[in-house]
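Here's the structure, in structure tokens; my notes come after.
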Amino acid sequence: MTHGSTLPIINWFSDTSCELFDAIYQFGDSLSDTGNYVLEPKSNTVYNRLPYGQTTHPTGRASDGLIMVDYIASYFNLPQLNPYLATGSDFTHGANFAIIGATANGGLNDNSLAKELDWFKTHLNSTYSNPAEKLQKSLVLMGEIGGNDFNGPFFQGQPIEEVSKLVPGVIKTIHDAVEEVISLGATNIVVPGNFPIGCVPIYLVKHATNDTSKYDELHCLIDYNNFAKSYNQQLLQAITQLQSAHPDVAIVYGDYYAALTSVITNAQQLGFEEGGTEKACCGTGNNPYNYGDKSCGSPGAQVCPDPSKRVNWDGVHMTQEGNKNVGQQLIKQFVSALQKQIRRHRS
């Protein structure tokens, strides 16, 4: 597995790309990790071998190919981010601190936001004599982080009412993390919310029910999507507080919920096959979602003929095509919001 090499990427925007930033710093979990997890000394994982990475080559990304941050970097005319643990890599244009399995709340010995912030500070202080100057021209992507804080309890069977009690703690941790990067000099920050988790195959399998009233018109689980909506609303309140406290910093919300919903709603126009928003490409499951029996990368697990026809790769993470389309929706939304705030600060 090589780091520092650039995976092939096409310019998929109809409009011109944007040179707002010199660097990107990414925090998060498996939705954003470009190789940290597989570089950990104890790592023995499917993520650095086929079929993961089959559309490009295995890199430690939880997909068949590129992920959202790759497309975000491309939009800003920046190279793909090397993972922080790839010692000796070129970090001129930023670094990726996201790691598979990371939670918002957890200690420095866990894969957690606290650990990622520790890496971030170590990296800045060992690389730049004036980190604040570097961060003024950089974009900080604070997540998505927090989803795994809820996934674990949900998959253990805890009810929504119980898991909801974790939300304020997760929001506070993200709020405090944004405060910390601002104190280090960050001036452009995107804080993503959660996906409509009730549309993700792992949730659709683990919480399947014969009660059709539990599903919406997109065949997603209403209760779990409502949980994600409630979480996102509380996160937005925290972002509004941060914006008020730091009027000279551009802090915007990254609407993962709307982005994935848009892709699911317009799936066939975007080239996905019928059922391609619900059924995982890689793995085996005796259900409409092709998930739950043999996990992607395990012996005997199947891979669909064309991953680009499906949104979901392995029941949890998106295909390259899913990442591309959701990333495109996300960028359309947060770039204009960032530019408005930046223009306001300069005027």
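The values are calculated or read from the model by the stated rules, or taken from the named source; none is laboratory data. This one's a predicted model, so the numbers in the text were calculated from it and none came from an experiment. A quick note on method: Cβ atoms are made from the backbone with ideal geometry, for glycine too, and the neighbour counts reach across all protein chains shown. Ligands, DNA and RNA are excluded from the accessible area calculation, which covers all protein heavy atoms including side chains. Shrake-Rupley method; radii C 1.70, N 1.55, O 1.52, S 1.80 Å.
Listing for the model above:
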{"quantity": "Segment 119-150, residues that are without any contact (Cβ under 8 Å) to a residue 40 or more places away in the chain and among the polar types (S, T, N, Q)", "calculated": "Thr122, Asn125, Ser126, Thr127, Ser129, Asn130"}
{"quantity": "Only listed residue being surrounded by fewer than 18 Cβ atoms within 10 Å (Cβ to Cβ) and assigned to a helix (DSSP H, G or I), chosen from Asp223, Asp248", "calculated": "Asp223"}
{"quantity": "Residue satisfying all of: in segment 137-196; open to solvent by less than 10 Å² (accessible area, probe 1.4 Å) and small (Gly, Ala, Ser); nearest to Phe334 (Cα to Cα) among these", "calculated": "Gly193"}
{"quantity": "Of all residues making up segment 60-80, the number that are open to solvent by less than 10 Å² (accessible area, probe 1.4 Å) and in a loop (DSSP other than H, G, I, E, B)", "calculated": "8"}
{"quantity": "Counted residues, segment 127-174 - those being of a type in the set (D, E, K, R) and within 20 Å of Gly28 (Cα to Cα)", "calculated": "3"}
{"quantity": "Close pairs (9 angstrom Cβ cut-off, 6 or more residues apart or separate chains): closer than 18 Å to Asp314 by Cα in segment 203-215, open to solvent by 50 Å² or more (accessible area, probe 1.4 Å) and of a type in the set (Lys, Arg) anywhere", "calculated": "His207/Lys214"}
{"quantity": "Conditions (1) at pLDDT below 95; (2) open to solvent by 50 Å² or more (accessible area, probe 1.4 Å): number failed by Gly275", "calculated": "(2)"}
{"quantity": "Number of positions in segment 317-341 that are of a type in the set (D, E, K, R) and without any contact (Cβ under 8 Å) to a residue 40 or more places away in the chain", "calculated": "2"}
{"quantity": "Residue in segment 327-341 that is farther than 16 Å from Met68 by Cβ, in contact with a strand residue (DSSP E or B) (Cβ under 9 Å, 6 or more places away or on another chain) and in a loop (DSSP other than H, G, I, E, B) present", "calculated": "no"}
{"quantity": "Condition broken by Gly146, with the remaining ones in (1) modelled with pLDDT of 95 or more; (2) over 18 Å from Tyr203 (Cα atoms) satisfied", "calculated": "(2)"}
{"quantity": "Residue in segment 294-316 that is open to solvent by less than 30 Å² (accessible area, probe 1.4 Å), in contact (Cβ under 8 Å) with a residue 12 or more places away in the chain, part of a loop (DSSP other than H, G, I, E, B) and on the phi > 0 side of the Ramachandran plot present", "calculated": "yes"}
{"quantity": "Qualifying residue in segment 97-114 (condition: closer than 30 Å to Asp306 by Cα, open to solvent by 10 Å² or more (accessible area, probe 1.4 Å) and modelled with pLDDT of 95 or more)", "calculated": "yes"}
{"quantity": "All positions within segment 278-293 that are open to solvent by less than 30 Å² (accessible area, probe 1.4 Å) and not in a loop (DSSP other than H, G, I, E, B)", "calculated": "Cys282"}
{"quantity": "Among the residues listed as Phe150, Phe155, the single one being of a type in the set (Phe, Trp, Tyr), farther than 26 Å from Gly327 by Cα and out of contact with any Gly (no Cβ under 8 Å at 6 or more places or on another chain)", "calculated": "Phe155"}
{"quantity": "Selection count where residues are open to solvent by less than 60 Å² (accessible area, probe 1.4 Å) and in contact with a helix residue (DSSP H, G or I) (Cβ under 7 Å, 6 or more places away or on another chain), scope segment 259-270", "calculated": "5"}
{"quantity": "Subset tally (residues that are in a loop (DSSP other than H, G, I, E, B) and at pLDDT below 95) for segment 23-48", "calculated": "6"}
{"quantity": "Check on Asn125, in a helix (DSSP H, G or I) and either in contact with a strand residue (DSSP E or B) (Cβ under 6 Å, 6 or more places away or on another chain) or under 14 Å from Ile251 (Cα atoms) (or both)", "calculated": "no"}
